[in-house]
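Working notes, structure below.
The values are calculated or read from the model by the stated rules, or taken from the named source; none is laboratory data. A quick note: this is a predicted structure, and the numbers were derived from the prediction, not measured. Here the Cβ is made from the backbone with ideal geometry for all residues, glycine too, and neighbour counts use every protein chain on show. To get the accessible areas, we keep the full protein, side chains included, count just its heavy atoms, and leave off ligands, DNA and RNA. Shrake-Rupley method; radii C 1.70, N 1.55, O 1.52, S 1.80 Å.
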Amino acid sequence: MGLLDRVRERESGNGSQSPADKKSGSAPAQATPPPSKSAEAPPVQESAQQAKRRLANNPQARGPAQPNEIVSELKIRIHAELIDRLDLSALGRLSHEQAGEEIRGVIAQLLEADGMPLSRDDRKRLEAEITSEVLGYGPLDSLLKDDSVNDILVNGPKQVYVERRGNLELTHVQFRDDEHLTQIIDRIVSAIGRRVDAASPLVDARLPDGSRVNAVIAPIALDGPSVSIRRFGKDPFHIEDLVQFGSMTEEVAMFLRGIVHARMNIVVSGGTGSGKTTLLNCLSSFIPHDERVVTIEDAAEIQLQQPHVVRLETRPPNLEGKGMITSRDLVRNALRMRPDRIVVGEVRGGEALDMLQAMNTGHDGSLTTLHANSPRDCLSRLEMMILMAGVELPVAAMRQNISSAVDYVVQQTRMRDGSRRVLKVTEIVGMEGDVISSQDIFEYIQTGVDEEGKVLGYHQCTGIRPQCLEVLESCGLTFPPDFFTQRILN
């Protein structure tokens, strides 16, 4: 018996049981207990009867009868009745599409019984919104379906921003209140076995499509729960797309392809939102398909196209404060998994020492990212993260370790107009005394800003020939004689 049949049976009030119910010995439909906490349905503040009585008998409770407020109250009322009437155990046995179809049928019947006149468009929109509340992520669903949205930033229930084409825009999307937003956050994080509450108000998670989610709730968030969603397209960008966007030139892309193929150790450096992970995905696409790759991340977002990939993810502690698995634990374990290459989503602590050790002990071609404003700052941050591992090493020993492990730093930046650029491709050439020596192979020069605020500039080859050129040639990678001549790249 479908959900719609169950609703009709309950509305008939005859208390009869279906043959299936009699066979199983279950209670009549009217006596169905309220949904359990594990049903993933958002809790209701008041029953459907109480909501209808409050709004019908006390119009002053809702203030002036504005059309938007009336529709919003109708949505809350129908949602409450829907939760009261749904057989959630039967709903859980259906596929997502079947459950959506059944729920829309029940909503249509409830709207008809309510009697409020609605246009066809309003009715369809209301059905879609209530269905999203039950099966999806509520008000966020419309933004998650918009391919032009890169980031979704929720600052409390009444303020939602999105980033499109590098620019932030305020949307009309809103949540009812803090509790409504917290319910959506809990639905997101519980899907991957994580939790968020007053004892653990910070959480990192991911959506089924790989989008990265960070959520903060009270008592840390003072103005209501905050959610940051970093989206990744259904089809990951390729290096040709970055060339088309102007992030780099074909010459820079050709060189990056060569150093990845030649198993150079590369660190992608940049600020928040500069496109480090996108560039890391593009670089990882150059890894040969016959190599075994192990990825290590806090929240899985790297989209590798190779067939032989082992994905590892960190784990926060449980309620008792036990069971935590850190990036450093995973890097150490990855060394025992016979990897050809190790890809670390981001190093931010003591795992940097283990990563450098891996690069120095036969795991060439490893890739990682970190937050830094320049290649020189990147090297300094690596020194700091080595100290965070709790190992006291002389400065000269740390720098020697870094210079022998890291071959290239690719500096990525987000420009003032929101565009992303590869700012520098820097080769680490060794030590000069106690200082790590490096040289820029390619760099981006900004020349100004046009009338529309768009950044103007160009990439250029510095005229320095990389020291790894012989290694590249031994791998069958050859470049034209004038490839590294100082010139502006178009």
Open item on the list: For the range 211-261, what does the accessible surface come to per residue with a 1.4 Å probe? Please give it in Å².
Closed with: 49 Å²
TODO: Could you give the size of the charge dipole of the range 160-284 about its Cα centre, using +1 on the Cβ of each K and R and -1 on the Cβ of each D and E, expressed in debye and rounded to the nearest 20?
DONE: 340 debye
- [ ] Report the one residue of 379, 405, 431 whose Cα lies farthest in the direction of the positive end of the charge dipole of the range 375-434 (charges on C-beta: Lys and Arg +1, Asp and Glu -1; origin at the Cα centre).
- [x] 379
Open item on the list: Can you give me the Kirkwood hydrodynamic radius for the range 328-431, using every pair of distinct Cα atoms, in Å to one decimal?
Closed with: 14.4 Å
Open item on the list: With a cut-off of 8 Å between alpha carbons and a minimum separation of six or more residues, what is the relative contact order of the range 314-433 in percent?
Closed with: 19 percent
Task: Over the range 244-402, relative contact order from alpha-carbon pairs under 8 Å, at least 6 apart, % - done: 25 percent
Open item on the list: Per-residue counts of other Cβ atoms within 10 Å, averaged by peptide: what ranking do you get for 243-251, 472-480, 273-281, highest first?
Closed with: 273-281, 243-251, 472-480
Open item on the list: Sequence gap at least 6, Cα distance under 8 Å: using those rules, report the relative contact order of the range 134-263 to the nearest whole percent.
Closed with: 20 percent
